[in-house]
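Before any comments, here is the structure.
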Amino acid sequence: MAELTLHAVRGMNDILPPESASWQRLESLFRDILRVYGVGEVRTPILEQSILFARAIGDITDIVQKEMYTFQDRNGVSLTLRPEGTAGVARAMIEHGLLRGQSPRVYYLGPMFRHERPQKGRYRQFHQLGVEFFGNGGAATDAELIALSAHLLAAAGVPAQLQLNSLGTPAARASYREQLLAYLRPQRDSLCADCQSRMERNPLRVLDCKMAGCQAIAQDAPKLLDHLDPESAEHFALVQRLLDDLGIPYQINPRLVRGLDYYHRTVFEWVAEGLGSQATVLAGGRYDGLVEQLGGGFVPAVGFALGMERLLTLTPVQPSPRPELFLGALDEPALGAVLQTCQNLRRQGVSVVMAGPGSVKQLLKAAQRSAARLQALLGERELHDANVLLKEQAGNGQWQGSWTLLEQGLRSLGVDFERGHPHTTAPSDAVGKLS
């Protein structure tokens, strides 16, 4: 029998150090920014009833027809790994009565699942940061949400261009749909296979197809902006004026659309270089029809989702933080003291790694592999004499905030501390002495 080789599912990736440090840095940065905007976190289940996505996204969409991970549980209930976050958040808002006279602002951060061809920045398990504002249909809310998205991307150090459009109301869009179909039908054979199959049920998707032939056809298609109802045109003009006031540059893209009926009025995307044809790193829009579609009554809402994998491909990998101290036990009698010292220092915020028991040679190699700033070796003799030599490993000979904490930790073991003076020219010299 051949030996079994286990590996991750295709398109679902492990995130390991030092890459995980980049994820943690970005997640922490985003959470801090969202806090100052008054946005609270919501954590919805990864599994939802399949009917939620069929009702929210639509039975005829590619997501529902081709991409969802759906199965029946032991009770025969059809469940789906969430392909996106907005539907689950809207369901939670309705179920827990959070939309009654309230205007919640929430965000989610976690994995989504779609069975599509893995490519750069697009995986079968991918992670999204999503932000949803409920209860306000004004243009100022659209502009504030876009400003928040600009803040997040700027903080991440990712340059991107904002593209903006308006879809108008469903009624205005229905009228435009007929004019668009009249333009597309004579050119059906020149469209790609995907656009040919979805043209009749969702012609707006032809406008954002990435195939060159479809883009050329879409270039001369009737523009939705020319068919907006008066209220939507006024709303869109105010969004633009407010973005101008905020100093946020944008480009009007009349081919920017959404494929779902509950979207209307403002839609936007941030497009970055370095992602190939799938250049969108953040996309959002107003979806006033969704909550009503899910049985919760009419509640205006606007939101966006940011692809974490895509964003991280545009940011440098952050090195894993270096431990402050390596402590090695030279013999078994010193193990308890070394472990106790480590715990005392960790409680005070000092990053410490330990090893042993082992020989001096073994422990020095372990100290070097740890990349800690400082290293000290303790054995029974050192503990008995209360005299420990602290050395700096490779570095510039300077550190901050460690002496006092080391002093407290070591004094807790009854070892008196005499502060030394760091040597900045010879990292291999002793930079401190505990005596």
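Calculate the tail of P(r) for the stretch 1-146: the fraction of all Cα-Cα distances greater than 20 Å, expressed in %.
Working: 6305 of 10585 pairs.
In whole percent, the share of Cα-Cα pairs in the stretch 1-146 beyond 20 Å is 60.
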Highest mean first, what order results for 220-232, 26-38 on Cβ atoms within 10 Å?
220-232, 26-38
P(r) for the stretch 206-276: what percent of alpha-carbon pairs falls in each 5 Å bin, starting at zero?
3, 12, 20, 24, 20, 13, 6, 1
Centroid-to-centroid separation of the stretch 15-60 and the stretch 189-265 [C-alpha atoms, Å]
26 Å
Could you work out the relative contact order of the stretch 161-233, using alpha carbon pairs under 8 angstrom and six or more residues apart, expressed as a whole percent?
45 percent
Area projected by the alpha carbon convex hull of the stretch 262-358, averaged over all directions, nm²:
12.4 nm²
A student asked for the Cα radius of gyration and Dmax of the stretch 79-194 in angstrom ought to give 18.6, 51
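Coordinate-derived values only; no laboratory data. Here the structure is a predicted model, which is why all the values come from computation and not from measurement. Every residue, glycine among them, receives a Cβ derived from its backbone with ideal geometry; neighbour counts consider all protein chains shown.
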